[in-house]
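Structure record follows, encoded as structure tokens.
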2 protein chains.
Amino acid sequence: MTADRAGDRREEILRAALAMFAERGYRGTSLDAVARAVGLTRQGVLHYFPDKQRLLAAILARTVEVGRGDLPPHRLQEDVPAQLAAVVAHNRAHPAYAQAYSVLMAESVVADHPAREHFRAHYRQVLDEMTRGYTERWGARLPSGLTPHAAAVAVLALLDGMQQQWLLDRDRTGDPETMRAVLAVLFGTESPGPPQ
Amino acid sequence: MTADRAGDRREEILRAALAMFAERGYRGTSLDAVARAVGLTRQGVLHYFPDKQRLLAAILARTVEVGRGDLPPHRLQEDVPAQLAAVVAHNRAHPAYAQAYSVLMAESVVADHPAREHFRAHYRQVLDEMTRGYTERWGARLPSGLTPHAAAVAVLALLDGMQQQWLLDRDRTGDPETMRAVLAVLFGTESPGPPQ
């Protein structure tokens, strides 16, 4: 098999496992089921991913990478609310990854879950980066009066919570204008809507 | 068996299944595993819950009931941010239910998941109730400038997102003061912190 074809096969396994983790979670998905989905034996899958945890790690790396898109939420530009709205739009374009992220994150809160440390470290890192970024830009308080830490916690919770609402009910939720208005109020950077 | 003992046994199955759903999700948990956990046969469990979906429905009803506590988020009192903070404190006191809710909600976004309609209807109802409540109290705009609908979406997303952060990392997140300050800014009802 050429290197290219091996890479294709690895990618194929990754995508099949991602779809299954998104649907049944990590613990609800067996390596055998992943193997069946791509027409390989269990041994065939183990050739590319030596165990299920290694497969999980590859998927987590991919969901974080895709979730960040070209616009990492911690890198500040001029218009923070507009930038975060762009992150949301980017996630919308990759619903399978967004869903896998959401399901694995929810599942990982159990004490002995293999993704727990990954998500805990990821959230700590993102919160620290956002807090530092807001502090550099605004000092001890944002224009809204919030501390940089409180704003970072709130922004991350909003992104996760609104993504879940959208995954659940795409017809009725996920209006980008709602996200923009809420972020504008949280930051205190501009009026959330037209004057009354 | 007396009615009391039958009620106890039903409650025992419900609690065991709740813990397993919280850990492995609905699809990752079999009725056989639930039966083993409570020392019954599969037939024994089916005596109390005729199928797995009926068991899920009972658990969902319970998590919503517990999550609402004595302080339904849609019933407005004088100090809305303080009241929502009380809802959060209540959920903290019931982490198993909070976790089951979070995992089942995340899992349910898949098209054919049996809890999908439950969660979709639940979120629509809660959003509508909150939007109506905010409109009755504040009219077309909250003091922050947000529309009642945007505020409702944001509050619900914040509650879900901050609960997930807390479930993941209980030592570093979940400060009630953070929640209170963020809600105060979203509503625009008071200053989020001491003057600078």
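Over chain B, DSSP H runs of length four or greater, each weighted -39,500 (n - 2.57), average out per residue to a 222 nm ellipticity of -22500 deg cm²/dmol.
Rounded to the nearest 20 debye, the dipole magnitude of the protein assembly as shown is 920 debye, with +1 charges on Lys and Arg beta carbons, -1 on Asp and Glu beta carbons, and the Cα centre as origin.
Peptide A:25-37 has a mean of 2 when you count, residue by residue, the C-beta atoms of other protein chains within 10 Å of its C-beta.
Taking all Cα pairs closer than 8 Å and separated by 6 or more residues, the relative contact order of chain A comes to 18 percent. Placing +1 on each Lys and Arg Cβ and -1 on each Asp and Glu Cβ, with no other charges, gives chain A a dipole about its Cα centre of roughly 500 debye. The spacing between the range A:117-146 and the range A:1-53, judged by their C-alpha centroids, is 36 Å. Between the residues B:Phe187, B:Asn91, B:Thr173, the greatest Cα displacement towards the positive end of the dipole of the range B:57-187, with unit charges on the Cβ of Lys, Arg, Asp and Glu, is found for B:Phe187.
Other residues within the sphere of radius under 15 Å centred on the Cβ of B:Glu23, judged by their own Cβ, net out at +4 (K and R +1, D and E -1). Axis of helix A:116-138 versus longest Cα principal axis of chain A: the two differ by about 30°, to the nearest ten degrees.
Inter-chain neighbour count for A:167-180: the average number of beta-carbon atoms from partner chains within 10 Å of each residue's beta-carbon is 4.
Candidates B:Ala16, B:Gly39, B:Gln164 compared by Cα position along the dipole of chain B: farthest toward the positive end lies B:Gly39, with charges placed on Cβ.
Counts of other chain beta carbons within 10 angstrom of each beta carbon in peptide A:146-154 average 6. In terms of its alpha-carbon gyration tensor, the protein assembly as shown comes out oblate; a/c meets the 1.5 threshold, while b/c is at least as large as a/b. Over the range B:88-196, the fraction of Cα-Cα pairs per 10 Å bin, rounded to whole percents and listed from the shortest bin up, is 13, 36, 35, 14, 1, 0.
Counted over chain A with a bin width of 10 Å, the fraction of Cα pairs per bin, in whole percents, is 8, 31, 30, 19, 9, 3, 0.
Every number in this text was worked out from the coordinates using simple rules, so none of it is lab data. Note that the structure is a prediction, hence the values are computed from the model and not measured. Because the Cβ atoms are built from the backbone with ideal geometry, glycine has one as well, and the counts that use them run over all protein chains shown.
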